[in-house]
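I have placed the structure first, in the form of structure tokens, so that the comments after it can refer back to it.
What follows is calculated from the coordinates using simple rules that are stated; it is not laboratory data. Keep in mind that this is a model prediction, so the values were computed, not measured. Note that each Cβ is placed from the backbone with ideal geometry, even for glycine, and that neighbours are counted across all protein chains shown.
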Amino acid sequence: MSRTRRPANNCSPSRRLRHSSTRVAPTPSLPRKRGRVREAALALISPVCPEALARAAGLLQAGRLVAFPTETVYGLGGDATNERAVAEIFAAKGRPSFNPLIVHVGGLAEAEALAIFDDRARRVVAKFWPGPLTLVLPRRADSGLSLLASAGLHTVAIRTPAHEVAQALLRETGRPIAAPSANRSGRVSPTKAAHVFEEIGDRIDLILDGGRTPVGLESTVLDLSSGTPALLRPGGVTSEQLTELLGPIAAPAAGQPKSPGMLASHYATSLPLRLEATAARNVEALLAFGPDAPPGFAEVLWLSRSGDLAEAAANLFAMLRALDRPPFTGIAVMPIPEHGLGRAINDRLRRAAAPR
Ligand code: TXA
Ligand code: MG
């Protein structure tokens, strides 16, 4: 795909949105050729201002791809009504075409034009939208959505993100935006603009830089397309919160993922990951949780010293990336409690540690 060469950064500082930053954070996983790589990153990554949003919307309307921040992770966006744009998303990620995408919309009114909402769905939306919750619902026959976006299913996954940059982009574009996480298929989701650049910088036209994404884990995926609500992916909205509102929620049948994206191995680091670690092995790095870390690790990063699960979730993917490099031979992770956001953290860690 051809790429716009114009510098991305044409926002005057006074017009930038609060969240945006001009910094292209150098991370340990950036390639060594700093000069050239940095130049390419600066050409692609833009702070957020009205001009940048207008350019992003124009690119999306023309069928091109734009990465943008949401409150969960960065998304790789394309016009959800444009079959070719959606095909480009699959190609850029190297994503298998049986794995459908999430469609992002500005609010319930836009969502109801695409999917069939019942009372349960409206109740959930009233409580958790905008926010990190995706609903799987029957797709309207006249939705106008790309067939590929739903990978041929009769349902569609849909959400209204809370991040102000995502909201502004949806308003400016005036179309539903299909956006998977902006990483190559099977790898760790990006929580900073620089991560997106490392993952798929050669495949897209623009990265809107909204700084670090605050939640840090992907949205919860809740299936309300049939009888009992089913949790297809734990995420930013916890299963406890959903059960309180809806009553019992089914877990997806083991071995038969209803959500095609929930493959056993996902979110993979290059180095092996060891969970529930309580003592050091040579020459591992450690992701610590809580005040005390066992001694002897080559390097330690703290998901949260105070044992705060929201802080740990926000740090998880960036810290996995930061430690995924020589001289370490593996990454160990201390036990994370299995409640609230801890379930979503452990879900990602188990998939990252699963045999490939
Ligand atoms: O937080 C998020 O959800 C991020 C941001 C960018 O919004 N997006 C994201 O998208 O994580 P992605 O494509 O990486 O994950 C979408 C998940 C996959 O597990 C996919 O299989 C599932 O949603 N999914 C999508 N459509 C579905 C459908 N119709 N039925 C069941 N599962 C579906
Ligand atoms: Mg993903």
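Just to confirm a number: summing +1 for Lys and Arg and -1 for Asp and Glu over residues other than ALA85 whose beta-carbon lies under 9 angstrom from that of ALA85, what do you get?
Numbers: positive: ARG64, ARG84; negative: ASP79, GLU83, GLU88.
Every neighbour counted, the sum reads -1.
Please work out how much length the chain gains when fully extended from ALA250 to ALA62, using 0.36 nm per residue of separation minus the C-alpha to C-alpha distance, in nm with one decimal.
On the way: separation 188, 0.36 × 188 = 67.68 nm, distance 4.06 nm.
Residue separation times 0.36 nm, minus the Cα-Cα distance, leaves 63.6 nm.
Give the Kirkwood hydrodynamic radius (Å, one decimal) of the range 196-340, defined as one over the mean of 1/r across all pairs of different Cα atoms.
Working: mean 1/r = 0.0572 Å⁻¹.
Taking every pair of different Cα atoms in the range 196-340, averaging 1/r and inverting gives 17.5 Å.
Given an 8 Å cut-off on Cα distances and at least 6 residues of separation, report the relative contact order of the range 13-246 as a percent.
On the way: 497 pairs, mean separation 68.8, N = 234.
RCO, the range 13-246: 29 percent.
What residue among LYS127, LYS93, LYS192 shows peak mean-square fluctuation when the chain is described by a Gaussian network model with Cα springs under 10 Å?
Residue with maximal mean-square fluctuation among LYS127, LYS93, LYS192: LYS127.
Any chance you could list P(r) for the range 139-187, counting all Cα-Cα pairs in 5 angstrom bins from zero, rounded to whole %?
4, 16, 23, 22, 22, 11, 2
Would you mind calculating the gained length between GLU276 and ASP308 on full extension (0.36 nm times residue separation, minus the Cα-Cα distance), in nm to one decimal?
Values: separation 32, 0.36 × 32 = 11.52 nm, distance 1.71 nm.
Contour length minus the Cα-Cα distance gives 9.8 nm.
Normalised by the number of residues in the range 273-353, what is the relative contact order in percent for Cα pairs under 8 Å and 6+ residues apart? Kindly include the intermediate steps, with their values, before the conclusion.
Values: 139 pairs, mean separation 31.6, N = 81.
That works out to 39 percent.
How many times 2.2 N^0.38 Å is the alpha carbon radius of gyration of the chain? Mind showing how you got there, number by number?
Numbers: Rg = 19.7 Å, N = 356, 2.2 N^0.38 = 20.5 Å.
Rg over 2.2 N^0.38 Å, computed on Cα atoms: 0.96.
Set the Förster distance to 56 Å, then compute FRET efficiency between ARG36 and ASP292 from the Cβ-Cβ distance, nearest 0.05.
Between ARG36 and ASP292 the formula returns 0.85.
Where does the chain land at 222 nm, in deg cm²/dmol rounded to the nearest 500, when only DSSP H runs of n ≥ 4 count, each adding -39500 (n - 2.57), divided by all residues?
Details: 10 runs with 103 residues, N = 356.
Calculated at 222 nm, the ellipticity per residue is -8500 deg cm²/dmol.
Cβ neighbours within 10 Å, averaged per peptide: list 335-347, 158-170 in order, most packed at the top. Before the final figure, lay out the partial values.
Working: 335-347: 18.8, 158-170: 23.6.
Top to bottom by mean Cβ count within 10 Å: 158-170, 335-347.
Mind telling me which of LEU76, LEU222, LEU271 comes out most flexible in a GNM of the chain, alpha-carbon contacts under 10 Å?
Sorting by GNM fluctuation, first place goes to LEU271.
Could you give me the radius of gyration and the Dmax of the range 273-353, taking only the C-alpha atoms into account and expressing both in angstrom?
Cα-based Rg and Dmax for the range 273-353 come out at 11.4, 34 Å.
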